[in-house]
Structures are given as structure tokens and as C-alpha cells.
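Below: the structure, in C-alpha cells.
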Amino acid sequence: MNHRSADKHEILREVFGYDSFRPNQEAVIDQLVSGHNVLAVMPTGSGKSLCYQVPALMNEGLAVVISPLIALMRDQVNALKLAGVDADTINSSSDHEANYAVVTRLKSGSLKLLYLSPEKLMTESMLDMLGEQELILIAVDEAHCISQWGPAFRPEYAQLSQLREIFSDTPMLATTATADEVTRSEIIKRLFAGNASVLVQGFDRPNIKLSAAAKAGDNRQMLDFLAPHKGESGIVYCLSRKKTEAVATFLASSGYRALPYHAGMDKDRRDENQSILMTEPGIVMVATIAFGMGIDKSDIRFVLHADMPGSIEAYYQEIGRAGRDGEPSEAHMLFGLDDIRIRRLFIDEEDAGEDRQRREHQRLNALIGYCESPTCRRRALLAYFGEQISPCENCDTCLNPVELSDGTEYGRMALSAIYRTGQRFGAIHIIDVLLGNLTAKVKKAGHDLIPTFGVGTQINSQEWRALIRQLVSSGFLVQNIAAYGGLRITKSGFDLLKGNCTFEYQRPTALICQSKAPQLKKVKLSVDLDSEEKSLLNRLKALRLRLAKERSVPAYVIFPDRSLEEMAHRRPATLDEFSRINGVGEAKLHSFAQAFLAEIEKSLGESD
């Protein structure tokens, strides 16, 4: 297929096998094709990769994709090759002969997409080679890595700021699922020097049920959560390598096929465990944060945090590995005071400037506020990213409301103190004012003279901290992460201050662990299957797994679950009918149609 000025819809259909674009994909593509830079913030599973793969195929020339992980690059390249696209990667895990072959193809102009790490890209020899090519697009995947405020900052990404000068005429795309307003501003400043369109699709993943519980000090909570997920794939995140090994051993002894993954393990063992997760069903990966960014397994049904993560951004990124296929999934977090202490210690001991440490403490505070949210938990999570929603009815606080106390009077005290001090101080200073603590900072600002000084001595500082976090998570306050964590009053907050509404909060002592999480809200499947069709679906999944193992690729690279569901429902009998299945492009039609058609025909014969 000649892609010179090829139509984007034609490429989508013939190469990738889809009839229509998902929300915002087309808008990003049009911006890039018009020569504009774009920052696209789109949820995990929303199809960010097509935003650069389709424009790369619309015109002659080379597109370069910058990715942080070799495993992620390898999976995308394998998927593109199966779709008939000339894509490849040059990386340190390939031998010299393989990399040399890719360089030869690069110099000959036959490559369409080249995947590189930032370290490999920013070498003099690679930049010289690319300078000799017709470069039509540069895409920076996982772009939050470029921000020193992001949850996965990589110093190597900082070098990418040079690209706008080296390739000044080449449009650039930055994609991420995880970026609050501060991180987005940092990406735009560093990568685009302020010259980029910004598209924020939204952060909601409504198919993931959210829940959190205070730790009760034993492993029973983990087993209670995992019981409904027996036989499903999932991830359990732990804070330390030692705990990762211990939890994996415990779950294995409890009947789960649990495997550990952390940076202290032998690389071959890590790679083997990751390969097992990607190709076999029912695996529980017990891991530190060393695991996850390159994982594109569509049917991970749950993510359990056995310990509190480091920030609300990191938490959002980690739970985003569940339910990429859109089916009902679950994210549960266990948290405790010791988690908070250790996380504070990590931040304080980090070799970073005072400014970065301050911001990371504020990010951790936002996560604690999420844990203590007295109302819809999803609402609290999305409010951090600037997105407002109605109660979701698919989180623990919606499905099983906690016992709340009337906090209207205390809430108005806090809002009054924030207003009278200029809406620019953080929670610690506001609590000092409320409790009447005459600190040097309070005295210097003259805040011991305002009417709210010392009015809040009825509750202690711990409860004030919880109450203010919940004022934030309930939308009465917003916290300015970029400006010393200063608290600002929202429109709802002014309504509370004026006595036009009430506020209820969960007292710290009321954080009671739920031994069993509420049942998942049922989310409608993409295709309604009867029992016979479900039986065929299982056979098609088994066939897909065999084909994936033969090619040493993850199963989803062959076909996503939704394509198999459609096959099971429509039961195509000819090549033409099979070509109409979503996700079946020309190359996959040629490579896989006969095998799947034969399996469908065999199942029909056995059911007669």
C-alpha cells in the first residue's frame, strides 16, 4: 500500500482494522499533519499510539518514537510488524548484528517508524543519521518522564529539549496518561518551549472500581480482596523488595500463581516472570514500582496496593494498568500510618532540591486526602487532575458509605482562616492559626491578630489535617501544588463559608477496615455472549495464546479481547466476513484468518 498522502481512515481500516477513531485520536492526528506540536493527555487504553502511528503512514518519510522502556518498544514494534508496517527498534538488548541491520534499513529509507530510547537517540551518530532522513514526526511516549515534578522523572528525558532546535521543522507529539497541571506546564516548557497545542481528554476510567482501607495488620485483607479474582490476572504492588518476595511466597502458599518482580532480582528471572504474566492467564505479579510502565496486557483485572504509593499521580499511573480492555476491573489500596511515615522519609532523604521535596510532600498529602475521602472516591481522584464528575456509584464510598460526622462548623472555621490569611498558605500554617500556635511564621504575618486565631482548639491537629484534606477532596478547597501547597477556596467553598451548604467528614479514628470490599458495579460488556458463544470465546483465546507463544509476543498483539468477542458472536465463515471484524487489518487477515476461521468452523461442527 502506497501511503503517500494516504487517507487516515483508509490507513485505520486497512492497516489496523478499525472502522472509526476513538475520541480525540483524529484531532491529534490532524494537528500533527498540519505541522503543529501537540501534548496529548489521554487515559490508559484510549489508543495514544495510533495518534502517531497513523500520521507516520500518511506520507513518505520516517517517524521516530521515543520510549522509556525496551519491553514497551519491543511490544509496539512486534504489533506493527504483524500489521504489515515497516517498524523497528535499535536498543541495547539487541545484538550488534541486529542493530546494524536496522541501521542499514534506516539509511536506505525503508523504515516507517523507528523506536528509540532517549539515551540512544541523543547520541551524535544517531542524530547525524536522522538528519539525513526525511523526518516527518517525532513522538515522545510516556512524556511525564520529562518533568522533574512527574512520578517517573528520568534525567535522560531532559536532553530531549534539544530536539526542537535540531529538528525545528518537524512536528512533535508528547503523549501521557499521567500529568497534572504542573507536570503539563513543565512538559510544554521543556519540550516545546511553550509552542504546542494541548489536548486533555480526561482521566476517568469508569470501568475500574476504586476502594481503599486502613491496614488491620495481617494478610487477611489481601486474601479477602483477591478471593473474587481467583484465576484472573492482576498486580500486587509492595513498597520494598523484601515485602515483594514475602507476599509472593504467601500468595503462592494460599493457592495463587504469584510471581515476584523487583529491581534486586536477576534480570533473566525478571524477564521470565514478566513473559509468563504477558502470555499465560491467571498470574498475580507481586512487584515494586520497578514493574509496570511497559506493560500493555489488556485483561489485568485488578491492581492491589499492599502499601501506599508515593503520590496520587503514581497511584493513578499504577491503577491504569487494570482494565485496558474496558471490562470491569478493580483497584484497592491498603494504607497505614507507617506507610505515610516511610513515604515522608523517602521524600526527605531524596537527593533533590527543597522545591522538589516540597512539591512531593504536597502530592503525598493529596493522596492521603484521597484515602480519607468521605464521599465519592473517584470524584476526589479526578478533582486532583482538574476534572469534575458526579458521584460514580462504582467506588467503595459510593457503594458502602462510611459513617460521617457533621463538620460544617469546623469547615467554616478553616475556610475563614484561609480567607483571612490571603488564600496562599498551606495546611500546616492554617492549623497553627486555628489552634492558636504562636509560631514565628504566624507572628511575622500578623495572623495572631485575626479573629480566627485560636478558634479551633476543640479538635487536635491530626483531626484538623484530616478535615482540611477532606475539604480538598470534597471540592471546597483546591491545593496549589506549584505554589507551596497554598489553599484556595472554590465556589462551593464560598457557599459553605456563607452558610448555604453543609460539610460532613470522616474523623481519623473512624477509619475502619472493611474485611470484604463491596461488589463490583457491573459494566456492560462490549458484546453480549450466550453460553455457546462464551465457550467459543475460550477456544479462540486458547488459539490466540498458542499463536502468541509461537511468535514470542503478548497475546493482545495478535488480537485484543474485543476482536475475539466479536468473532465468537458473529462467527465469520469467509475471509470477507473475517475482514469485517474490528481489529483485523490486511496483514492480520493474511496471517491469522485461516487459523481462526478453522477454529470457528470446528466449534460449529462439534455443536451440531
Query raised in the report: Quick check: is even one residue across region 266-277 among the small types (Gly, Ala, Ser) and within 23 Å of the chain's Cα centre (by Cα)?
Result: yes
Query raised in the report: Quick one: which of Phe16, Phe21 is touching a helix residue (DSSP H, G or I) at 6+ places or on another chain (Cβ under 9 Å), among the aromatic types (Phe, Trp, Tyr), surrounded by fewer than 21 Cβ atoms within 10 Å (Cβ to Cβ) and under 23 Å from Tyr556 (Cα atoms)?
Result: Phe21
Query raised in the report: If you check Arg358, Arg377, which single one turns out to be surrounded by fewer than 22 Cβ atoms within 10 Å (Cβ to Cβ) and under 30 Å from Val41 (Cα atoms)?
Result: Arg358
Report task. Determine whether Ala40 is within 20 Å of Arg13 (Cβ to Cβ), surrounded by 17 or more Cβ atoms within 10 Å (Cβ to Cβ) and assigned by TED's automatic domain parsing to the domain that holds Ala174. Result -> no
Query raised in the report: Could you give every pair whose Cβ atoms fall below 7 Å, whose first residue belongs to region 172-195 and is closer than 20 Å to Arg363 by Cα, and whose second residue is aromatic (Phe, Trp, Tyr) and modelled with pLDDT of 90 or more, counting only separations of at least 6 or pairs across chains?
Result: Thr178/Tyr316
Query raised in the report: So which residues in region 43-56 are of a type in the set (S, T, N, Q) and either in a helix (DSSP H, G or I) or in the same structural domain as Tyr556 (by TED's automatic domain parsing) (or both), if there are any at all?
Result: Gln53
Report task. Filter region 457-490 down to residues that are assigned to a loop (DSSP other than H, G, I, E, B) and either in the same structural domain as Ala179 (by TED's automatic domain parsing) or surrounded by fewer than 20 Cβ atoms within 10 Å (Cβ to Cβ) (or both), then give me how many there are. Result -> 9
Query raised in the report: Does Ala79 meet the test of being buried (at least 19 other Cβ atoms within 10 Å of the Cβ), touching a helix residue (DSSP H, G or I) at 6+ places or on another chain (Cβ under 6 Å) and in contact (Cβ under 8 Å) with a residue 12 or more places away in the chain?
Result: yes
Query raised in the report: For Thr397, are the conditions met, namely being surrounded by 19 or more Cβ atoms within 10 Å (Cβ to Cβ), in a loop (DSSP other than H, G, I, E, B) and either modelled with pLDDT under 95 or not assigned by TED's automatic domain parsing to the domain that holds Phe476 (or both)?
Result: no
Query raised in the report: In region 296-310, is there at least one residue being at pLDDT below 80, surrounded by fewer than 21 Cβ atoms within 10 Å (Cβ to Cβ) and either not assigned by TED's automatic domain parsing to the domain that holds Tyr115 or not in a strand (DSSP E or B) (or both)?
Result: yes
Report summary line: Being assigned to a loop (DSSP other than H, G, I, E, B) and either among the β-branched types (Val, Ile, Thr) or over 25 Å from Ile347 (Cβ atoms) (or both) narrows Gly386, Gly411, Gly454 down to just Gly454
Report task. For region 8-33, name all the residues that are assigned to a loop (DSSP other than H, G, I, E, B) and touching a residue at least 24 places away in the same chain (Cβ under 8 Å). Result -> Val15, Phe16, Gly17, Tyr18, Asp19, Phe21, Arg22, Pro23, Asn24
Report summary line: In region 571-598, anything of a type in the set (D, E, K, R) and within 27 Å of Val85 (Cα to Cα) is listed as Asp576, Glu577, Arg580, Glu586, Lys588
Query raised in the report: Tally time: how many residues in region 192-204 are surrounded by fewer than 17 Cβ atoms within 10 Å (Cβ to Cβ), within 29 Å of Gly369 (Cβ to Cβ) and not aliphatic (A, V, I, L, M)?
Result: 2
Report summary line: Checked against (1) at pLDDT 90 or above; (2) farther than 30 Å from Val584 by Cα; (3) charged (D, E, K, R), Asp95 satisfies every condition except (1)
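The values are calculated or read from the model by the stated rules, or taken from the named source; none is laboratory data. Please read these numbers as outputs of a predicted model, since none were measured by experiment. In this analysis, Cβ positions are derived from the backbone assuming ideal geometry, glycine residues included, and neighbour counts consider all displayed protein chains.
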